[in-house]
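The values are calculated or read from the model by the stated rules, or taken from the named source; none is laboratory data. What you are looking at is a predicted structure, and each value in this text was computed from that prediction instead of being measured. Don't worry about glycine lacking a Cβ; one is built from the backbone with ideal geometry, like all the others, and counts go over all protein chains shown.
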Amino acid sequence: MQKPATPIVERADPRLPAVTALVADLDVYMTALYPAESNHLLDIEALAAPNIRFFAARLDQDYLGCGAIRIHEGAFTEIKRIYVSPKARGLGLGKHILNVLEAETRKLGLPLMRLETGVYQPEALALFERSGFTRCGPFADYPTDDPLSVFMEKRLD
């Protein structure tokens, strides 16, 4: 029996066609779950900005997941656009991506990671909780009164 391929999570240009397709799939998924005012999505050009570190996950040559951190200078990173294609779920790819994002935050010397996700994503919430994230209040420019948002953070002491 052949051993399954090891996932590779690496810095990537979000404008690569295969990666752009992943982000488009994520957009479709998110817009089906939440109204526009509860979706805080970064577009492809925003994901290519200097204050973003974007990563893509692949098995062999097939891009199956992505994730990014937005650097809030001197304070924390914010997880953005973490996604695993339905055909790759259950392989631990989300955890691999999250580990790389945490390692990048540590490399930047920042002591805190934060995120905003939604109440209709129990798998994501469970992944973040298993990874040491705890619920917190709203941060940055997120609305403070959106009942569909869940805010979490993890200290990297």
Just wondering, is there one or more residues in region 54-68 that are within 20 Å of Val150 (Cα to Cα) and either touching a Leu at 6+ places or on another chain (Cβ under 9 Å) or not basic (Lys, Arg) (or both)? yes
Hits in region 15-45 - residues which are among the charged types (D, E, K, R), outside any helix (DSSP H, G or I) and over 14 Å from the mean Cα position of the chain (by Cα): Arg15
Which residues, counting only those in region 86-108, are assigned to a loop (DSSP other than H, G, I, E, B) and either crowded, with 19+ Cβ neighbours inside 10 Å or of a type in the set (A, V, I, L, M, F, W, C) (or both)? Leu91, Leu108
Tally up the residues in region 65-77 that are surrounded by fewer than 22 Cβ atoms within 10 Å (Cβ to Cβ), in contact with a strand residue (DSSP E or B) (Cβ under 9 Å, 6 or more places away or on another chain) and not basic (Lys, Arg), please. 3
Kindly provide the set of residues from region 31-46 that are surrounded by 10 or more Cβ atoms within 10 Å (Cβ to Cβ) and either at positive phi or in contact (Cβ under 8 Å) with a residue 60 or more places away in the chain (or both), ordered by number. Leu33, Tyr34, Ser38, His40
Residue hits (region 109-134; closer than 23 Å to Glu10 by Cβ, in contact with a helix residue (DSSP H, G or I) (Cβ under 8 Å, 6 or more places away or on another chain) and surrounded by fewer than 18 Cβ atoms within 10 Å (Cβ to Cβ)) are Ser131
Here is a list: Gly137, Gly74, Gly118, Gly90. Which entry is at pLDDT below 95, over 28 Å from Ala5 (Cβ atoms) and not charged (D, E, K, R)? Gly74
Taking region 44-58 on its own, how many of its residues are of a type in the set (D, E, K, R) and at pLDDT 95 or above? 2
Where residues in region 1-38 are more than 19 Å from Pro86 (Cβ to Cβ) and polar (S, T, N, Q), which of them is modelled with the lowest pLDDT? Gln2
